[in-house]
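The values are calculated or read from the model by the stated rules, or taken from the named source; none is laboratory data. Keep in mind it's a predicted model, so treat the numbers as computed, not measured. Neighbour counts run over all protein chains shown; Cβ positions are idealised from the backbone, glycine included. Ligands, DNA and RNA are stripped out before the accessible areas are found, and what is left, the full protein with its side chains, is counted by its heavy atoms. Shrake-Rupley method; radii C 1.70, N 1.55, O 1.52, S 1.80 Å.
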Amino acid sequence: AAKASASWEKIFKLGIAAGCHIGFGSYLAITVGGACPAIAEANPGLQKIIFGAFGLPFGLIMTLVTGAELFTGNTALVTGAVMEGKTSVKDLIKNWTASYAGNFVGSLILAYLAFKSGTLGAAPASVAIATAKCSMPFEVAFTR
């Protein structure tokens, strides 16, 4: 109920932080996990583990430690509070809207910073991921 009763502005600002954290985790995964082609060639499974170990876990840890508002967590927590009668549907919609918008803005900020820094442009992993995602049919991309 406390998450739901926070102001829109507070949830939005904390949502921006969470979007940056998760984006940074992805950035870290691509720059560390994607920068080991010798491992990928010799042991693709190990390279996938390295890729995964540096991505989402770091983003989630940063989000948890700072108390930022991640939409996926708010979806579970605030929905549960509504079901238990501890908050209103109006607060649920406010929380979802503010956290989703904040996460989106935060991810765009981090993407812009990564673009301006030029650190991912020549990275083979980022090009390979973008090519693979843009090459698949819409239904496959949507399902994944």
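In the range 1-26, which residues are open to solvent by 70 Å² or more (accessible area, probe 1.4 Å) and either under 12 Å from the mean Cα position of the chain (by Cα) or more than 30 Å from D91 (Cα to Cα) (or both)? Full working, then the answer.
Applying the first criterion (open to solvent by 70 Å² or more (accessible area, probe 1.4 Å)) to the range 1-26 yields 2, 5, 8-10, 13, 24.
The answer is F24, and nothing else.
Among the residues of the range 51-78 satisfying the criterion of being among the β-branched types (V, I, T) and open to solvent by less than 70 Å² (accessible area, probe 1.4 Å), which is nearest to A114 (Cα to Cα)? I'd like the intermediate steps shown before the answer.
Applying the first criterion (among the β-branched types (V, I, T)) to the range 51-78 yields 61, 63, 65-66, 72, 75, 78.
Filter once more, keeping what is open to solvent by less than 70 Å² (accessible area, probe 1.4 Å): 63, 75, 78.
On the way: T63: 19, T75: 28, V78: 32 Å.
Restricting to residues being among the β-branched types (V, I, T) and open to solvent by less than 70 Å² (accessible area, probe 1.4 Å), the top hit is T63.
What number goes with the only condition from (1) over 20 Å from I129 (Cα atoms); (2) among the aliphatic types (A, V, I, L, M); (3) crowded, with 19+ Cβ neighbours inside 10 Å that A29 does not pass?
With respect to (1) over 20 Å from I129 (Cα atoms); (2) among the aliphatic types (A, V, I, L, M); (3) crowded, with 19+ Cβ neighbours inside 10 Å, A29 is out only on (1).
Regarding A98, is this residue open to solvent by less than 20 Å² (accessible area, probe 1.4 Å), under 28 Å from S126 (Cα atoms) and part of a helix (DSSP H, G or I)?
Working: open to solvent by less than 20 Å² (accessible area, probe 1.4 Å): yes; under 28 Å from S126 (Cα atoms): no; part of a helix (DSSP H, G or I): yes.
Here the answer is no, as A98 does not meet what is asked.
Checking the conditions here, which among A6, A17, A40, A2 is out of contact with any Pro (no Cβ under 7 Å at 6 or more places or on another chain) and more than 16 Å from G73 (Cα to Cα)? Before you say what the answer is, go through the steps one by one.
Numbers: A6 fails: more than 16 Å from G73 (Cα to Cα); A17 fails: more than 16 Å from G73 (Cα to Cα); A2 fails: more than 16 Å from G73 (Cα to Cα).
Answer to the selection: A40.
Could you go through the range 132-144 and let me know if any residue there is open to solvent by less than 90 Å² (accessible area, probe 1.4 Å), within 25 Å of A17 (Cα to Cα) and either of a type outside the set (F, W, Y) or in contact (Cβ under 8 Å) with a residue 60 or more places away in the chain (or both).
For the range 132-144, residues open to solvent by less than 90 Å² (accessible area, probe 1.4 Å), within 25 Å of A17 (Cα to Cα) and either of a type outside the set (F, W, Y) or in contact (Cβ under 8 Å) with a residue 60 or more places away in the chain (or both): absent.
Looking at the range 106-131 only, could you name the residues that are open to solvent by less than 50 Å² (accessible area, probe 1.4 Å), closer than 30 Å to A2 by Cα and of a type outside the set (S, T, Y)?
Answer for the range 106-131, where residues must be open to solvent by less than 50 Å² (accessible area, probe 1.4 Å), closer than 30 Å to A2 by Cα and of a type outside the set (S, T, Y): G106, L110.
Could you please find all residues in the range 32-50 being in contact (Cβ under 8 Å) with a residue 40 or more places away in the chain and open to solvent by 50 Å² or more (accessible area, probe 1.4 Å)?
Correct list: A35, P37.
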